[in-house]
Amino acid sequence: MTTRTRVTLGRREDLGADCADCFGLCCVALAFTRSVDFPVDKDAGDPCVNLDGRDGCTIHPHLRDRGFRGCTVFDCFGAGQKVSRQTYAGRSWRDDPDTRTEMFAVFPVVRRLHELLWYLDEALTGGTDPTVAVELRERFARVQEFADGDPASVLALDVDAEYDAARPVLLAASRTLRAAASGAGDERRIGRLRVGPGADLLAADLRRADLRGASLRGALLIGADLTGADLRHCECIGADLRDADLSGADLRDAVYLTQMQVNAARGDAATRLPTGFQRPSHWAA
């Protein structure tokens, strides 16, 4: 275990989970219900039945086989190690029952802040208008300062307000990033389907569709067939890609795509992902 988390260094990898430096917070602090993603109910604050005494998962290689598919999709965006090693300075919920409830309340707030940092960083590293970049950097510094705060200040924060405040600059950056694609725009039609922000594309047939520069912001794509689709420079923030088939799809330069969305989808060896993304182990070889 390290005594100083990578989060304090301000690098992009700070926004990815480092389970070896976490007290298993996602396995304890969060609740889940019996569903297609979990085989049992668990209340927030109760340790998962698969959590061992060293904060590891006893069935990690077999989570999907045992019905814990939700665990393979979840991403804390680095909040687990941040709260464990920085916010609480290595003091575990196991060792200090007095802070247990507080720590479990702090973790989901920091996770949402780190997710927002991910989107802001995506906009910055993708390259955008210089004026927009200045506001992005200012917004990033503000959110990072909140995430670095003590437990009391974290719990007092209105996270929804921070997302609302960041929304205009994220949208402005998205328009710039998507402009590199021909025909970029928020709305378009693929056959009879409306493709755009908030579109209902449940189980839609989008095979080999040209979605370059499109906005799928908040779109419902559960079970959609996107095999061979071109999603370069496509905005994906808030898009629900659970069980969407991305086999052979091209997601290079996708805007605001997260590893969690990729994990929730299906794909294969021909699926092209942005630099730095991992190919999920459950995808077809």
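The values are calculated or read from the model by the stated rules, or taken from the named source; none is laboratory data. All values derive from a computational prediction rather than experimental measurement. Here the Cβ positions follow ideal geometry from the backbone for every residue, glycine too, while neighbour counts run over all protein chains shown. Accessible surface is based on the protein model in full, side chains and every heavy atom, while ligands, DNA and RNA are left aside. Shrake-Rupley method; radii C 1.70, N 1.55, O 1.52, S 1.80 Å.
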Return the only residue of 66, 94 being within 24 Å of residue 150 (Cβ to Cβ) and not polar (S, T, N, Q). 94
Residues (open to solvent by 50 Å² or more (accessible area, probe 1.4 Å) and in contact with a strand residue (DSSP E or B) (Cβ under 7 Å, 6 or more places away or on another chain)) located in segment 18-40: 31
Just wondering, is there one or more residues in segment 105-115 that are touching a residue at least 40 places away in the same chain (Cβ under 8 Å), open to solvent by less than 30 Å² (accessible area, probe 1.4 Å) and more than 17 Å from the chain's Cα centre (by Cα)? yes
Tally time: how many residues in segment 255-270 are over 21 Å from residue 37 (Cα atoms) and touching a strand residue (DSSP E or B) at 6+ places or on another chain (Cβ under 8 Å)? 2
Take residue 85 and tell me if it is crowded, with 23+ Cβ neighbours inside 10 Å and at pLDDT 95 or above. no
For segment 93-104, enumerate the residues that are open to solvent by less than 30 Å² (accessible area, probe 1.4 Å) and either touching a helix residue (DSSP H, G or I) at 6+ places or on another chain (Cβ under 7 Å) or modelled with pLDDT under 95 (or both). 93, 99, 103
Across segment 222-241, which residue is farthest from residue 176 (Cα to Cα) among those that are among the charged types (D, E, K, R) and surrounded by fewer than 23 Cβ atoms within 10 Å (Cβ to Cβ)? 225
Mind checking which residues of segment 124-169 are in contact (Cβ under 8 Å) with a residue 60 or more places away in the chain and hydroxyl-bearing (Ser, Thr, Tyr)? 125
Hey, residue 78 of a type in the set (Gly, Ala, Ser) and over 18 Å from residue 147 (Cα atoms) or not: no
How many of the residues in segment 22-43 are among the hydrophobic types (A, V, I, L, M, F, W, C) and farther than 20 Å from residue 95 by Cβ? 6
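Condition first: more than 23 Å from residue 114 (Cα to Cα), surrounded by fewer than 21 Cβ atoms within 10 Å (Cβ to Cβ) and in contact with an Asp or Glu (Cβ under 6 Å, 6 or more places away or on another chain). Can you find one or more residues in segment 242-254 that meet it?
Within segment 242-254, one or more residues are more than 23 Å from residue 114 (Cα to Cα), surrounded by fewer than 21 Cβ atoms within 10 Å (Cβ to Cβ) and in contact with an Asp or Glu (Cβ under 6 Å, 6 or more places away or on another chain).
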Considering residues of segment 255-282 that are free of Cβ contacts under 8 Å to residues at least 40 places away in the same chain and β-branched (Val, Ile, Thr) only, the residue most open to solvent (accessible area, probe 1.4 Å): 275
Tell me, please, whether a residue that is at positive phi and either among the acidic types (Asp, Glu) or assigned to a strand (DSSP E or B) (or both) can be found in segment 250-271. yes
Among the numbered criteria (1) hydrophobic (A, V, I, L, M, F, W, C); (2) in a loop (DSSP other than H, G, I, E, B); (3) more than 30 Å from residue 99 (Cβ to Cβ), which single criterion is violated by residue 157? (3)
Of 80, 67, 53, 45, the only residue that is in a loop (DSSP other than H, G, I, E, B), closer than 20 Å to residue 99 by Cβ and open to solvent by less than 30 Å² (accessible area, probe 1.4 Å) is 45
Which one is farthest from the chain's Cα centre (by Cα) among residues in segment 147-203 that are among the basic types (Lys, Arg), more than 21 Å from residue 77 (Cα to Cα) and open to solvent by 50 Å² or more (accessible area, probe 1.4 Å)? 192
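When the residues of segment 210-221 are narrowed to those that are open to solvent by less than 10 Å² (accessible area, probe 1.4 Å) and of a type in the set (Gly, Ala, Ser), which ends up nearest to residue 245 (Cα to Cα)?
The qualifying residue nearest to residue 245 (Cα to Cα) is 219.
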